[in-house]
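What follows is a set of notes on a single structure, which appears directly below.
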Amino acid sequence: MRDVRVPPRRTAALRGCALLCTGIALLASCGWGPGDGDAGGGGLPGAPMGVTATAGSATSVHVMWHAVDGVEAYEVHRGGELVKEVPASRRMVDVTRLRPGTAYAFTVRARDAEGRLGPRSREVRATTPAAVAEDGTAPTRPGNAGGRAAGSRSARLTWSAAKDDHEVVSYDVYQGDAKVHSVDGGRTAAVVTGLRPGTRYSFTVRARDAADNVSPASTAVRLTTPGSDDGRATAPTGLRAASHGADGGYYLDLTWVPPHTDGPVTEYQIHLDGRAATSLVYGAEAPREKAEYSFYAGREAGVTHRVRIRARLADGTWGGFSAEQKVTTGPAG
């Protein structure tokens with residue numbers, strides 16, 4: 001199955017490809033079909049998806065991305081320069097020694113065990129805040145830290161804002177002694193993914209200002225992920241499916257509410273009649289409140305299909321499936 005990269009609205013190019021298909025059985029002829037491979041069927045690694053960049057201080061930027069299957073390492077580039085290299089087990093890095101008040105652009109590339117580099121991710125930008133002279137005062141400790149398991153593989157953490165004599169630029173989330181996440185200073189919640197079912201975790205939060213002064217850790221948030229994952233916390237909700245006729249065939253029209261995760265969800269997988277039909281990848285302006293997608297379903301009216309959808313999470317794993325919907329080809333009503 002190959003990714004179908006589309007803007008938030010339908011495109012004429014996608015419809016043109018779909019018209020070449022004569023039915024659901026021929027979806028693979030448009031690059032659709034079963035399978036989850038990211039590396040293009042044994043070729044180069046795929047481009048990392050879900051790349052984000054957030055200023056951590058006046059001299060650092062936190063870069064995160066989704067996992068790519070079957071890779072050895074990731075390269076983080078600033079402009080055309082390689083600045084960090086991390087093993088495949090990591091999907092985040094702090095790029096340091098930057099200049100205050102400066103805009104930077106980052107891309108990420110995956111490298112396989114044979115040393116082959118995949119294409120660059122989409123470019124993401126972040127601007128470091130201005131430096132504050134002679135700032136030796138750290139922010140206060142984030143208060144009221146709390147959290148809960150969100151399914152068996154993720155946790156949602158919350159805290160109250162820290163105070164600083166200038167400004168809190170970011171919050172760092174620690175799992176034990178390891179930094180696992182970072183969000184900008186205007187946020188007081190984070191979703192940590194990539195956890196294991198039936199496991200006890202301890203998280204703390206620290207505030208950081210522009211001068212890289214770091215607050216004391218919040219009180220520890222201790223929680224245990226359940227032993228089984230019902231997927232509800234990470235599943236798209238409100239899935240609706242309808243059908244309309246156009247261009248001599250019938251299309252399935254889907255709408256849904258994206259799951260609440262850190263930042264927008266940029267990739268979805270659509271299952272049709274029990275198997276993966278297509279992977280939908282949005283651009284930089286992925287929908288947050290309501291998503292929609294329409295795809296070709298054949299020339300025959302009166303055919304009933306089952307459809308469900310799931311989102312790729314920030315750690316590169318798939319979230320839970322939405323509730324399944326049935327839809328019959330033909331005009332609405």
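In bins 10 Å wide, starting from 0, what share of all Cα pairs of the stretch 271-331 does each bin hold, as a percent?
17, 49, 28, 7, 0
Each residue of the stretch 146-154 in turn: what ³J(HN,Hα) in whole Hz from Karplus with 6.51, -1.76, 1.60 and θ = phi - 60°, glycine and Pro shown as x?
x, x, 8, 5, 10, x, 8, 10, 8
Thr237 to Arg196: extension gain in nm, 0.36 nm per residue of separation minus the Cα-Cα distance?
Working: separation 41, 0.36 × 41 = 14.76 nm, distance 2.35 nm.
Taking Thr237 through Arg196 to full extension adds about 12.4 nm, to one decimal.
Show which lysines lie in cross-link reach of Lys163 when reach means a straight Cα distance below 28 angstrom and same-chain residues fewer than eight apart are skipped.
Lys179
Sort 146-153, 112-119 by packing, meaning the average of other beta carbons within 10 Å per residue, with the highest value first.
On the way: 146-153: 19.4, 112-119: 13.4.
In decreasing order of mean packing, 146-153, 112-119 become 146-153, 112-119.
Residue by residue through the stretch 202-217, which ³J(HN,Hα) values in whole Hz follow from phi under the Karplus form 6.51 cos²θ - 1.76 cosθ + 1.60 (θ = phi - 60°), with glycine and proline marked x?
10, 10, 9, 10, 10, 9, 10, 9, 5, 8, 6, 6, 10, 6, x, 5
Take Ala105 and Thr219, extend 7 Å from each Cα along the Cα→Cβ direction, and tell me the distance between the two endpoints in nm.
That separation, rounded to one decimal, is 4.7 nm.
Give the peptides 49-61, 267-279 in descending order of average Cβ contacts within 10 Å, highest first.
Numbers: 49-61: 22.8, 267-279: 18.5.
Peptide ranking by packing, descending: 49-61, 267-279.
Please work out the Cα center distance from the stretch 55-103 to the stretch 194-223, rounded to the nearest Å.
Using only Cα atoms to place each centre, the spacing works out to 20 Å.
Which lysines does Lys290 reach when only Cα atoms under 22 Å apart count, and residues fewer than 8 places away in its own chain are ignored?
In chain and number order, the partners are Lys326.
Once you have a ≥ b ≥ c as the square roots of the Cα gyration tensor eigenvalues for the stretch 143-224, tell me rounded if a/c is under 1.5, and otherwise prolate or oblate according to whether a/b is larger than b/c.
Details: a/c = 2.22, a/b = 2.16, b/c = 1.03.
The shape class here is prolate.
Per q in 0.20, 0.25 Å⁻¹, report the Debye log10 I(q)/I(0) for the stretch 52-127, using one uniform scatterer on each alpha carbon and no solvent.
With one equal scatterer per Cα and no solvent, log10 I(q)/I(0) is -0.78, -1.15.
With θ set to phi - 60° and the Karplus curve 6.51 cos²θ - 1.76 cosθ + 1.60, what are the ³J(HN,Hα) couplings of the stretch 106-115 in order, to the nearest whole Hz, using x for Gly and Pro?
Whole-Hz 3J(HN,Hα) from phi for the stretch 106-115: 10, 9, 10, 10, 9, 10, 8, 5, 8, x.
Could you tell me which residue out of Ser202, Ala138, Val173 lies farthest along the dipole of the stretch 129-213 toward its positive end? Charges go on the beta carbon: Lys and Arg +1, Asp and Glu -1, centred on the Cα centre.
Result: Ser202.
Run the simple label-point estimate for Thr127 and Glu324 please: 7 Å along Cα→C-beta, distance reported in nm.
Calculated label separation equals 4.9 nm.
Estimate the FRET efficiency between Leu117 and His244 by the formula 1/(1 + (r/R0)^6), using the beta-carbon distance for r and 56 Å for R0, to the nearest 0.05. All intermediate terms of the calculation are to be shown ahead of the outcome.
Details: r = 43 Å, r/R0 = 0.76.
Here the calculated transfer efficiency is 0.85.
Since every read-out is calculated from the coordinates, none of them should be taken as a lab result. Keep in mind it's a predicted model, so treat the numbers as computed, not measured. FYI the Cβ positions are ideal-geometry reconstructions off the backbone, even for glycines, and counts take in every protein chain you see.
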